[in-house]
There are 2 protein chains.
Amino acid sequence: MHKTVDIELGADILGANRRIAEDNAKLLAKAGVHSFDFMGSTGSGKTLLIEALIERLKGMGIRCAAITGDVAGDDDYRRLTAHGIRAANVNTDKDCHLDAHRVDHALEHLDLKCVDVLFVENVGNLVCPADFPLGTEKRIVMCSVTEGDDMIRKHPVIFMLADIVVINKVDLATAIEVDEKVLVRDLLRIRPGAKYVLTDAKHGKGVDELLALMGLDRLTPRGGTCAQV
Amino acid sequence: MHKTVDIELGADILGANRRIAEDNAKLLAKAGVHSFDFMGSTGSGKTLLIEALIERLKGMGIRCAAITGDVAGDDDYRRLTAHGIRAANVNTDKDCHLDAHRVDHALEHLDLKCVDVLFVENVGNLVCPADFPLGTEKRIVMCSVTEGDDMIRKHPVIFMLADIVVINKVDLATAIEVDEKVLVRDLLRIRPGAKYVLTDAKHGKGVDELLALMGLDRLTPRGGTCAQV
């Protein structure tokens, strides 16, 4: 029953989302903003990893902003704005993903001429966000070793469309008896040649490598005068 | 856009699901089967906890069965059937939750007269399964401390409707610097008097307590002759 309805409506919803995503992409490109959609399970470490990236970029004089998506609350928003960046919080209520329309509205609240890099933190799960591109430059999909070694083969769709895959919390692999090599093997089976990085966001491992994969390691500030956040 | 469509169709989809859920509930009650819908993030430990419960129940002479729901693959199905129980695997493709209709079909594949306790392992996330009751006796919602201390306040809807809340992997709380008391505090704020249990499924901690909350600690076998699985 549910599936039938999904199929009938799917093309319209997904088509409309895609058109708005394309508009977002044009807007961001015109403003010179590099943008990244971070997807991954709840607790895979998205916020902590973005925090580490923001600190690296701040050290390079790069101005960051964020859109934080969650079903409820502003935990992630508060964590990211504590780093002195511009941000917009989006509560999706019952929806398990951000969509391009919500991101479009969130962008209106950010002063894009004062932003070099935009982080979008999607709602935490490995299913729904796959169907809803937001118009970002790259899509980054994360999982952590503490979720078990079967996460990638259980969610092939989202990992197949990722521009970059992050396998986080590798410092805990031994304690939890999970072998991160299994995750890498499954990834390369569904997508040979996939770009991936092993990280331990808590202790900063892999963050520079990820920055390079994102194409941000040699980014220079665009300059211009912007008010302090 | 997506939200509007959701609202227009919601009542029909959810109403139809609820009616089938009621039929499932009647069927299970008539067959004398105690049934439990396990919901929780990917990697929160649902499968391992169900495995521990199955072993306890097997020791009491109780016959278990399982329905395993995942977007793709049969990892959980293989893990549970390794304990010598009847099971049905349901792949939801792109849907982020089981629904009553899929469970109805799965029940057709289980010989209910040979089942005392049925475990339904839902697709791993804390958003979508909330709206789709399956007709089980109780709904159990899990999270693990390794997901962070903000999981419950970020997903109030699903934790509010849980009959039992499980906070798992408490053995890792210190290593990951997460205080499980924050999770308990958030739970009792959104639902004072909620039934909850702290578990470490890997080492069997809290399993007996959960069994009691499920009302299964004094269950006796119904007898009857059934073929070996």
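Tabulated values for the structure
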quantity	calculated
Nitroxide proxy distance, nm - points 7 Å out along Cα→Cβ at B:R78 and B:E108	2.7 nm
Cα-centred dipole magnitude for the protein assembly as shown, charges only on beta-carbon of K, R (+1) and D, E (-1), debye, nearest 20	240 debye
Radius 14 Å from Cβ of B:P133, net charge of other residues (Lys, Arg +1; Asp, Glu -1)	-2
For chain A, radius of gyration divided by Kirkwood radius, i.e. Rg to Rh on alpha-carbons	0.96
Amide H contacts under 5 Å for B:S35, placed H, 5+ residues apart	B:L118, B:E137, B:K138
Threshold 10 Å² - residues in the stretch A:133-166 whose accessible area is reduced by that much or more when the chain is no longer isolated, probe 1.4 Å	A:T146, A:E147, A:D150, A:M151, A:R153, A:K154, A:H155, A:P156, A:V157
Length gained when the stretch B:M60-B:V182 is fully extended (0.36 nm per residue, less Cα-Cα span)	40.4 nm
Beta bridges per DSSP with both ends in the protein assembly as shown, % antiparallel, nearest 5	5 percent
The stretch A:2-213, accessible area per residue, ligands and nucleic acids excluded (1.4 Å, Å²)	37 Å²
Whole-Å semi-axes of the protein assembly as shown's equivalent ellipsoid (Cα gyration tensor)	40, 24, 19
Separation of alpha-carbon centers, the stretch A:91-116 and the stretch B:22-100, rounded to whole Å	37 Å
Estimated 222 nm signal from helices in chain A, with DSSP H stretches of n ≥ 4 weighted -39500 (n - 2.57), rounded to 500	-11500 deg cm²/dmol
Percent accessible area from carbon and sulfur atoms, the protein assembly as shown, protein chains only, probe 1.4 Å	53 percent
Accessible area that becomes buried as B packs against A, both chains, 1.4 Å probe, Å², nearest 100	3900 Å²
Across the identical copies, how the B:K58 labels are spaced - nm, sorted shortest first, 7 Å along Cα→Cβ	5.3
Highest-MSF residue in chain B out of B:A162, B:A52, B:A175 [GNM, Cα springs under 10 Å]	B:A175
Relative packing of peptides A:72-78, A:119-125 - highest average C-beta neighbours within 10 Å first	A:119-125, A:72-78
Averaged over A:43-52, number of beta-carbon atoms from partner chains that fall within 10 Å	3
When each of A:K154/A:K181; A:K94/A:K154; A:K138/B:K154 is checked by Cα-Cα distance, pairs over 18 Å	A:K94/A:K154; A:K138/B:K154
Debye, to nearest 20: dipole size of chain B, +1 on Lys, Arg Cβ, -1 on Asp, Glu Cβ	640 debye
For B:E108, inter-copy label distances in nm, listed shortest first [label point 7 Å out on the Cα-Cβ vector]	4.9
Length gained when the stretch A:R189-A:D23 is fully extended (0.36 nm per residue, less Cα-Cα span)	56.4 nm
Length released on extending from A:A212 to A:C226, taking residue separation times 0.36 nm less the Cα-Cα span	2.4 nm
Orphan Cys of chain A, criterion: no other Cys C-beta under 4.7 Å	A:C64, A:C143
Antiparallel bridges, percent of DSSP beta bridges restricted to the stretch A:2-213 (to nearest 5)	5 percent
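The values are calculated or read from the model by the stated rules, or taken from the named source; none is laboratory data. These numbers were taken from a predicted model, which means no experiment stands behind them. Glycine gets a Cβ as well: all are built from the backbone with ideal geometry, and neighbour counts include every protein chain shown. Areas reflect the complete protein model, heavy atoms only, side chains present, ligands, DNA and RNA absent. Shrake-Rupley method; radii C 1.70, N 1.55, O 1.52, S 1.80 Å.
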